[in-house]
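Each remark here refers to the structure printed beneath this line.
The values are calculated or read from the model by the stated rules, or taken from the named source; none is laboratory data. A quick note: this is a predicted structure, and the numbers were derived from the prediction, not measured. Cβ placement follows ideal geometry from the backbone for every residue including glycine, while neighbour counts extend to all protein chains displayed.
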Amino acid sequence: MISRFLRAGAEFERRLRLVTADRWSGPTPCDEWTVRQLVNHVTRGNLNYIALLHGASAAEFLALRDADALGADPLAAFGASLAETAAAFSAPGALDLLLDYPLGPVRGAQALAVRTTDTVVHTWDLARALGTDETLDAGLVSWTLSNLDTIYAGLAETPVSAETTHRFFAEPLGEVGSSSQELLLYRMGRRGVVHREA
């Protein structure tokens, strides 16, 4: 599980290294976020999951959701958050802890699966925002798509329930493509043809 999370993080970091100074304020597929806000969301998310492992409450998680975690060096901040999150979830008993997650109590193992999925999907968001190769790691796509129901099982809102409020997850709209990646993106509320570099 830790290796899968690190793999997802490495894919995100590969796109992050392509962000130039003039792109930080640019738009992303997440309408409310610029590139910097998207990267901050992923980085801050890592730190907030560490806090949950250390006993933070759902309210504390939400209060810090948009707090700046990037500082003057976003690449270094993300890299540090990735390593620290992997270390925190690798601690003895961490995967069995019951965490006060905002969408409902979850064990550490499920929280890490949610974190990994979030990173995979936001990797596509960042790639689309930068106009670079949007092809996601096929193994990560396959794992995420095959396990979506389990990953979000029992949560108050999920991307796999027709009755969800879409407060935290975008609503699937339009037509779905034929590939596994396009199906995953559709289920996670992403739209548009996947762009691949020649």
key: Criterion: over 17 Å from Ala129 (Cα atoms) and touching a residue at least 60 places away in the same chain (Cβ under 8 Å) - qualifying residue of Phe61, Phe5   = Phe5
request  = Give the number of residues within segment 67-82 that are hydrophobic (A, V, I, L, M, F, W, C), under 20 Å from Ile2 (Cα atoms) and either in a loop (DSSP other than H, G, I, E, B) or in contact with a Ser or Thr (Cβ under 6 Å, 6 or more places away or on another chain) (or both).
outcome  = 2
ask   = Given the conditions (1) surrounded by 15 or more Cβ atoms within 10 Å (Cβ to Cβ); (2) not in a helix (DSSP H, G or I), and given that Thr85 satisfies all but one, which numbered condition is not satisfied?
value = (2)
request  = Output the qualifying pairs, or none if there are none: Cβ atoms under 6 angstrom, residues six or more apart or on different chains, first residue in segment 95-107 and at positive phi, second residue in a loop (DSSP other than H, G, I, E, B).
outcome  = Gly104/Gly154; Gly104/Leu155; Gly104/Ala156
For Cys30: the one exception among (1) modelled with pLDDT of 95 or more; (2) under 20 Å from Leu148 (Cβ atoms) = (1)
request  = State whether the residues of segment 41-54 include one that is surrounded by 20 or more Cβ atoms within 10 Å (Cβ to Cβ), free of Cβ contacts under 8 Å to residues at least 24 places away in the same chain and under 14 Å from the mean Cα position of the chain (by Cα).
outcome  = yes
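If we scan segment 3-15, do we find a residue that is of a type in the set (A, V, I, L, M), surrounded by fewer than 18 Cβ atoms within 10 Å (Cβ to Cβ) and under 26 Å from Arg190 (Cα atoms)?
yes
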message = Checking the structure you have, find out if any residue of segment 97-113 is in a helix (DSSP H, G or I) and basic (Lys, Arg).
response = no
request  = Scan segment 115-139 for residues that are part of a helix (DSSP H, G or I), in contact with a helix residue (DSSP H, G or I) (Cβ under 9 Å, 6 or more places away or on another chain) and within 25 Å of Pro27 (Cα to Cα) and report the count.
outcome  = 15
query = Taking the stated definitions as given, is Thr150 exposed (fewer than 15 other Cβ atoms within 10 Å of the Cβ), closer than 19 Å to Ala8 by Cβ and modelled with pLDDT of 90 or more?
reply = yes
